[in-house]
1. What distance in nm separates the simple spin-label points at K152 and L4, each placed 7 Å from Cα in the Cβ direction?
2. Report the equivalent ellipsoid semi-axes for the range 85-193 in whole Å, largest first, defined as the square roots of five times the eigenvalues of the gyration tensor built from alpha carbon atoms.
3. Apply the a/c threshold of 1.5 to the C-alpha gyration tensor of the range 1-86 and tell me whether it is rounded, prolate or oblate.
4. Enter the Cα centre distance for the pair the range 67-124 and the range 1-60, rounded to the nearest angstrom.
5. Provide the packing ranking of 95-108, 60-73, i.e. peptides ordered by the mean count of other C-beta atoms within 10 Å per residue, highest first.
6. Of the options A157, H112, W97, report the single residue whose Cα projects farthest towards the positive end of the charge dipole of the chain (beta-carbon charges: Lys, Arg +1; Asp, Glu -1).
7. Of the listed values (1) 54; (2) 58; (3) 49, grab the one calculated as percent of Cα pairs over 20 Å apart from the structure here.
8. When a/c reaches 1.5 or more, the comparison of a/b and b/c decides; with that in mind, is the range 1-49 rounded, prolate or oblate per its Cα gyration tensor?
Amino acid sequence: MPALVPTNYSGCVTWLGYVPDREFSLRSDPVTEFTASYSGAAGEDHAGLTRASCNRVTLLYPLGTEIRNVRQLSIVSAEELTVIADKMGLSALDPSWIGASMVVSGIPDFSHLPPSSRLQISGGATLTIDMQNRPCNLPAKVIDQAAAGFGKAFKQAAAGLRGVTGWVEQEGLIRIGDQVKLHIPDQRSWSPE
């Protein structure tokens with residue numbers, strides 16, 4: 001019996017980018033396509049089969065411990081970017097300002113998709129969602145460079161809307177305009193009580 005079931009929800013890739021050097025800047029460089037390999041997006045600074053643990057997992061590992069990289073990609077919703085921009089008082093929030101890898105339109109409540117959901121791209125790649133991406137202060141500097149004075153508003157405005165992180169389960173080419181099919185785990189929500 002399949003453990004992942006297709007939903008009636010599908011979307012479209014509307015933007016792609018990659019962060020070439022996050023030590024220099026979190027800003028993504030826009031592209032029209034990229035190859036998703038088992039290590040992540042070609043040329044992306046977040047790519048790799050493993051990564052150093054960060055503050056998100058310090059209750060599991062000491063900072064800097066080598067762990068599996070399930071944060072190869074930062075995937076955000078076009079609709080949620082609009083909500084964040086409105087909350088910040090901006091006319092639009094450029095996904096490159098927040099280090100996005102991919103923008104998807106058409107899938108509701110995107111930032112709350114269940115972990116282990118799959119985004120199957122029409123070009124053949126399949127991405128596994130790790131978990132919701134929590135907003136932080138890192139994009140503030142990049143936002144302020146493009147829209148002075150607005151960066152500090154990002155973290156609060158993006159709470160619950162920052163998208164998801166994910167990793168490549170099936171390699172393939174991803175292009176702007178590709179269709180995205182959502183598959184979710186076939187299980188009830190966790191309820192220990």
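1. According to this spin-label approximation, the distance is 4.3 nm.
2. On the way: eigenvalues 150, 70, 25 Å².
Equivalent-ellipsoid dimensions as semi-axes: 27, 19, 11 Å.
3. Values: a/c = 1.55, a/b = 1.20, b/c = 1.29.
It comes out oblate by the Cα gyration axes.
4. Rounded to whole Å, the Cα centres lie 10 Å apart.
5. Working: 95-108: 22.6, 60-73: 14.9.
Descending packing order for the listed peptides: 95-108, 60-73.
6. Farthest along the dipole direction, towards plus: A157.
7. Computed from these coordinates, percent of Cα pairs over 20 Å apart corresponds to label (1).
8. Details: a/c = 2.93, a/b = 1.80, b/c = 1.62.
Here the range 1-49 falls in the prolate category.
Values in this text are rule-based calculations from the coordinates and carry no lab data. Everything numeric in this text was worked out from a predicted model, so none of it was measured. So basically every Cβ, Gly included, is an ideal-geometry build from the backbone, and we count neighbours across all protein chains shown.
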